[in-house]
Amino acid sequence: MARTELQKLIKDVVAYQEECIAQSRSLTNEQLDANFTVMRPSGPRPQVMRSVLYNLSIHPREHSIHLAKILQKTGSPLAQPTEAQAIIAKAKEAWGELEAVMACLDDADLDREHEGHTPRNILTHLRDAHKSYLESIEAGIKSIAK
């Protein structure tokens, strides 16, 4: 099952999201009240910075529901995910929660310590654990294929 085009589209969305986060992470509460206008194909559109950031937050959730509906209504077998697919979806959801916490961190935050833990050692632990999971999954798939 090819995922090349899908992965490219996802990568593009993530790149724009990360750039939005990078450019807005230092906005103050007062700056969130800024009114401005952007040009759209339909003409000028008034914006408020706070609303743009809230849309960045809620728009993906809206479309996750929309995508699920498309799969269901078009008879996709993914409308009723397998157990493995449901677990993977939860893994992505959990990673999204962790990414959200890290969205505004920078390198200077990596060594903040509390109760013997730092963001650096937590991320190193997760990296090593995920590497181990990958090795286990690959070994399991190899044993199943025999």
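Read-outs throughout are calculated quantities, based only on the coordinates presented, and are distinct from any laboratory measurement. Quantities reported herein were computed from a predicted structural model and do not represent experimental measurements. When we count neighbours, we look across all protein chains shown, and the Cβ atoms used for this are built from the backbone with ideal geometry, even at glycine.
Here are a few things to note about the model shown:
- Relative to the longest principal axis of the Cα atoms of the chain, the long axis of helix 83-102 lies at roughly 40 degrees.
- Pairwise centroid distance, computed over Cα atoms, of the range 60-102 with the range 8-36, Å: 23
- GluC sites (Glu not before Pro) lying in DSSP loop within the range 101-146, provided at most 14 other Cβ fall within 10 Å: E113, E115
- Size-normalised alpha-carbon gyration radius of the range 1-79, reference 2.2 N^0.38 Å: 1.44
- Taking each of K69/K131; K11/K131; K69/K146; K69/K92 in turn, the alpha-carbon distance tops 27 angstrom for K69/K131; K69/K146.
- Against the chain, whose longest principal axis comes from its Cα atoms, helix 49-73 is set at around 40 degrees.
- For the chain, the Cβ-based charge dipole about the Cα centre amounts to some 840 debye (Lys, Arg positive; Asp, Glu negative; other atoms uncharged).
- Degrees between helix 119-145 axis and first principal axis of the chain (Cα, 0 to 90, nearest 10): 40
- Helix-derived mean residue ellipticity, 222 nm - over the chain, DSSP H n ≥ 4, -39500 (n - 2.57), to 500: -22500 deg cm²/dmol
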